[in-house]
1. Tally time: how many residues in the stretch 27-72 are part of a strand (DSSP E or B) and either at pLDDT below 85 or hydrophobic (A, V, I, L, M, F, W, C) (or both)?
2. Pairs only if they're at least six apart or on different chains, beta carbon under 9 angstrom, first in the stretch 42-60 and among the hydroxyl-bearing types (Ser, Thr, Tyr), second in a strand (DSSP E or B) and at pLDDT 70 or above; list them, first residue then second.
3. Just wondering, is there one or more residues in the stretch 103-115 that are of a type outside the set (Phe, Trp, Tyr) and under 12 Å from the mean Cα position of the chain (by Cα)?
4. Search the stretch 133-144 for residues being within 14 Å of the chain's Cα centre (by Cα) and modelled with pLDDT of 95 or more, and hand back the single one that is nearest to TRP84 (Cα to Cα).
5. From the list LEU171, LEU167, LEU134, which residue is touching a Gly at 6+ places or on another chain (Cβ under 8 Å) and among the aliphatic types (A, V, I, L, M)?
Amino acid sequence: MIPRWIKTATPEEAAYLSLEHPGTPTARLWIPGEAVPCGSKKPVPIRGGPNAGRCTCVEDAKGADAWKSHVRRSAALQWRGPAWDCPIFISVLFVRPRPPSHYTARGALSARATPYPATKPDTTKLLRGVEDGLEGVAYVNDSRVVSQRAGKRWTDRGRDPGVLVLLAKVL
């Protein structure tokens, strides 16, 4: 279920939430929780067997596989119908919790608080995890994504972090 507060986005935030790309039908998903970056790989040597001495690549980020599974499960609970097998536009808004340092001792937002989460993890790696997690649920393969938009914003204190995903078939 998409939180009520996401529906009261500012005009600037609404740009990320709108589907200006032509296409129908559309779908909207809310993935609760803090997104985990995905896509960085590290080489791991293979020991023993016919491939001994060679390397394989594994996900470098801790929790990446668990995050992709969480995205898949959350999307499956909200998705209606078969996975799309056509060109797709995706718009993703990552809503991250503000760090405690952004607040004063009285709980007010500090004047030094940044307006946007221009911090690690980078948006591209966050997007990879969501795209991979939606594969097999929202679309047949993430290669079907032909256009994308992604952004990050802070959530207010007391509001849950998550990822808002909008999808549209490109006609």
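1. First pass over the stretch 27-72, keeping only residues part of a strand (DSSP E or B): 27-32, 41-45, 55-59.
Filter once more, so that each one left must be either at pLDDT below 85 or hydrophobic (A, V, I, L, M, F, W, C) (or both): 27, 29-31, 41-45, 55-59.
Of the residues in the stretch 27-72, 14 are part of a strand (DSSP E or B) and either at pLDDT below 85 or hydrophobic (A, V, I, L, M, F, W, C) (or both).
2. That search, which allows pairs on different chains as well, returns THR56/PRO45.
3. First, the residues of the stretch 103-115 that are of a type outside the set (Phe, Trp, Tyr): 104-115.
Filter once more, keeping what is under 12 Å from the mean Cα position of the chain (by Cα): none.
Among the residues of the stretch 103-115, not one is of a type outside the set (Phe, Trp, Tyr) and under 12 Å from the mean Cα position of the chain (by Cα), which makes the answer no.
4. Filtering first and then ranking leaves ALA138.
5. So the residue among LEU171, LEU167, LEU134 that is touching a Gly at 6+ places or on another chain (Cβ under 8 Å) and among the aliphatic types (A, V, I, L, M) is LEU171.
The values are calculated or read from the model by the stated rules, or taken from the named source; none is laboratory data. Bear in mind that the values here come from a model prediction, so they are computed numbers and not experimental data. Because the Cβ atoms are built from the backbone with ideal geometry, glycine has one as well, and the counts that use them run over all protein chains shown.
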